[in-house]
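The values are calculated or read from the model by the stated rules, or taken from the named source; none is laboratory data. For clarity, every value in this text was computed on a predicted model and none was experimentally measured. Ideal geometry is used to build each Cβ from the backbone, glycine not excepted, and the neighbour counts take in all protein chains shown. For the accessible areas, the whole protein counts, side chains as well, though only heavy atoms, and no ligand, DNA or RNA atoms are used. Shrake-Rupley method; radii C 1.70, N 1.55, O 1.52, S 1.80 Å.
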Amino acid sequence: MGQPAGLSFEQAPAFSLPLRFFLTAPLFLLAAGGLLVWTPEALASRWTPQALALTHALTLGFLAMSMLGALMQMLPVVAGASLPALRLVSWFSHVPLAAGTVALMTGFLTARPAAFAIAIVLLGSGFAVFFAAATLSLARAVSSVTVGGMRLALASLGVTVLLGLALALLRAGGWTPPAVEAAMAAHVAFGLLGWVLLLVIGVAYQVVPMFQITPPYPPRLSRWLAAALFALLLFHASTPMLPGVVTPIVDAGLTSGILLFALATLRLQWRRRRKLPDVTLDYWRLGMASLIACVFVWLVVQFRPAWADSDAYPLLLGVLFIGGFAVSVVNGMLYKIVPFLAWFHLQAQLQARAGSIPTMKDMIAERLTRWQFRLHFVACVLLIAATRWPRLAVAAGGVLALSALLLWINLLSSVRRFARHGGHFT
């Protein structure tokens with residue numbers, strides 16, 4: 001396997017730096033599954049303490065951990081701009097993010113103000129370090145559609161973190177932010193539609209054609225989609241100050257952009273040049289199908305407005321977007337990024353000839369990744385069903401925990417192969 005176009009061995013950070021993020025993330029997914037088994041009432045309403053702990057285990061513990069690791073790798077290699085003081089940034093963002101997520105979950109589950117205070121300090125400092133470094137890196141980066149998506153996603157992350165810290169201060173008893181309901185809505189919107197969706201869109205422009213051997217995204221779509229969604233998101237956050245007629249127009253624009261991205265991705269994958277089975281492609285297809293299902297659920301509610309006031313509607317949207325879309329796509333990307341980095345650094349360190357080291361495909365056994373996908377798919381189905389029949393929450397959590405454990409074992413197998421063939425982590 002040759003070096004993919006646009007990537008440079010010289011610019012890549014040490015394997016250990018993004019790897020610590022990638023190996024920590026599945027443990028929070030495991031914790032989310034265990035939390036569901038322990039407290040199945042987490043799916044009774046999105047505002048229960050258990051539901052909030054579960055949500056942040058997924059969004060902070062699994063998604064943010066994986067996405068910061070991916071940015072740490074992609075900024076120097078794809079955008080051509082390394083993060084300053086990379087080793088320090090890695091340590092002073094990874095450890096506070098992991099410990100802060102645990103503290104925040106503890107705060108939700110125990111209602112202790114001290115836990116929220118600890119989470120504020122840890123998460124605030126960890127995100128501040130990474131945000132400052134990534135901002136400097138992106139300011140120097142060569143502009144591209146991927147870099148543009150990263151910039152907008154990072155701006156959304158900044159808004160999300162600031163709003164989240166303000167809401168955590170409320171629970172810590174230190175300060176009551178104005179317009180609490182509007183702040184919560186904006187925190188959710190910028191976190192999911194801004195940080196998560198825009199980063200996936202920006203990264204997809206690079207990794208879908210490169211790893212899935214598809215044609216590139218249409219130039220017009222890749223040029224304006226992320227910026228249009230970000231602008232609509234700003235309008236969405238301002239709707240309390242805008243005329244009521246604007247809200248459905250903005251919502252329709254957001255859902256249209258989401259649908260367009262999902263359909264464009266599925267079309268490119270249908271046209272891929274290499275038709276061999278690929279489990280990571282299945283993860284992406286599940287993710288895109290879940291995005292389309294989110295749009296469908298939103299459309300149904302427009303004709304049945306009474307559903308919008310039920311507990312099941314926001315829970316279903318959350319399960320589809322976070323579990324069905326975001327977790328699926330990130331899970332699929334981990335199966336490409338970690339084996340690729342293991343092969344990448346082995347070849348760089350050993351200057352190995354073809355056949356003397358495992359290929360990227362050999363780093364993780366295909367049958368194990370296939371089994372983990374099946375478990376993840378079943379977990380998604382059970383989670384969707386549990387929004388209507390809460391008794392299924394225990395089964396959903398159990399299967400999710402098994403899926404997360406197998407993901408972690410699979411990623412570790414790639415790392416073990418790297419070490420057995422003489423690879424060095426630093």
The chain - Rg and Dmax from Cα coordinates, angstrom: 20.7, 66
Residue-ordered couplings for segment 306-315, obtained by feeding phi - 60° into the Karplus form 6.51 cos²θ - 1.76 cosθ + 1.60 and rounding to whole Hz (Gly and Pro as x), are 4, 5, 4, 8, 7, 6, 5, 4, x, 5
For segment 306-346, what mean projected area does the convex hull of the alpha carbons give, in nm²? 2.8
Test of understanding: express the Cα radius of gyration of segment 264-374 as a ratio to 2.2 N^0.38 Å, with N the residue count. 1.44
Can you list the HN-Hα couplings for segment 178-195, worked out from phi with the Karplus curve (6.51, -1.76, 1.60; θ = phi - 60°), rounded to whole Hz and with x for Gly and Pro? x, 6, 4, 5, 5, 5, 5, 5, 5, 4, 5, 5, 5, x, 8, 7, x, 5
Using a 1.4 angstrom probe on the protein heavy atoms only, line up Ser356, Ser93 by accessible area, largest first. Ser356, Ser93
Between Gln349 and Asp311, the FRET efficiency computed from the C-beta separation at R0 = 41 Å comes out, to the nearest 0.05, as 0.15
Protein chains only, probe 1.4 Å: how do His376, His424 rank by accessible area, largest first? His424, His376
With every protein chain in place, the accessible area of Asp311 for a 1.4 Å probe, in Å² rounded to the nearest 10, comes to 80
For a quick check: with amide H placed at 1.01 Å from N, whose amide H comes under 5 Å from Leu83's, ignoring anything fewer than 5 positions away on the same chain? none
May I ask you to give the percent of accessible area on the chain that is carbon plus sulfur, with a probe radius of 1.4 Å? 69
Accessible area, probe 1.4 Å, largest first, for residues Val300, Val142, Val95: Val142, Val95, Val300
Glu366 and Ile409 label points (each 7 Å along its Cα→Cβ direction) are spaced in nm at 2.0
When the dipole is taken about the Cα centre of segment 16-420, and only Lys, Arg (+1) and Asp, Glu (-1) are charged at their Cβ, what size is it in debye, to the nearest 20? 1340
Among Ala111, Cys380, Trp343, the residue whose Cα sits farthest towards the positive end of the charge dipole of the chain (+1 at Cβ of Lys and Arg, -1 at Cβ of Asp and Glu, taken about the Cα centre) is Trp343
Output the Cα-based Rg and Dmax of segment 46-156 in Å, rounding Rg to one decimal and Dmax to a whole number. 15.3, 46
For segment 16-420, the per residue accessible area (1.4 Å probe, Å²) is 42
Using only alpha carbons, build the gyration tensor for segment 167-302 and give me the equivalent ellipsoid semi-axes, biggest first, whole Å. 33, 17, 14
